[in-house]
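I have placed the structure first, in the form of structure tokens, so that the comments after it can refer back to it.
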Amino acid sequence: MLDTLVNLSVNSYGLIPLMGFVLLAALIVIADRILFFSSTIKKGRNLDIDLGRVVPDNLINLHELSEHYAGSIQGALVRHALACNTYDEKILERKLEEELVRQMPRLDRNLWVLDTAVTLGPLLGLLGTIIGMMSSFDILGASGTNNPMAVSGGIAHALTATAFGLVIAIIGVVSLNFLNKRVRMTVLQLDLIKSMLVSILTSVPRKEKIHVAAVGH
């Protein structure tokens, strides 16, 4: 097995190990992002339920939720909403939108690695194919058809590089589409949480204004 891998590495001029490194980097990112989004989406669902139980005139509940979800994107949004210290709906929405933009890099972190692997894998495979075919033609020109095994060996190495590159691209495309969907789901969750926070934090002064207006009449 080891001899076969060494042989493939030598005949591909180091392209097979390089492609293996690209695949390994892609797999590490895939595993990291899947764990991240599994945790993030679960916390988003839980916070959605918890915010539905918050009494508008009791901000202690929000402070408790901020501490409970500390370290998460949702927790950062709740903490920022409390730190804004405003009951103006438009100002609060704008401040929370700014915080959402700040948190976006955490959602698409390292996804560029998968995007690069999807493009780079087939290109490296194509380069390996070209190198393998050139080697086969060199052997064919030197020995003619007297050594068909050597010629077919070069073609086999060329096809191996092509297949490896396609495997990288397939894994990368499927994973990237899956993770992009998780990014969209998380953004929708954050938008919902933002709306709920605005509703909770602006409902108190609204009630007070209605009460004052009623007393005035």
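The values are calculated or read from the model by the stated rules, or taken from the named source; none is laboratory data. Given the structure is predicted, the values throughout are model-derived calculations rather than measurements. Cβ atoms come from the backbone with ideal geometry, glycine included; neighbour counts cover every protein chain shown.
Between a residue in region 154-183 that is over 18 Å from Phe36 (Cβ atoms) and any residue that is surrounded by fewer than 18 Cβ atoms within 10 Å (Cβ to Cβ) and small (Gly, Ala, Ser), which pairs come within a Cβ distance under 6 Å, given they are 6 or more apart or on different chains? Filtered contacts from region 154-183: no entries.
Scanning region 1-45 for residues being surrounded by 14 or more Cβ atoms within 10 Å (Cβ to Cβ) and either modelled with pLDDT of 85 or more or in contact with a Phe, Trp or Tyr (Cβ under 6 Å, 6 or more places away or on another chain) (or both) gives a total of 18. You will find that of Ser143, Ser152, Ser136, Ser66, the residue that is at pLDDT 85 or above and not acidic (Asp, Glu) is Ser66 and no other.
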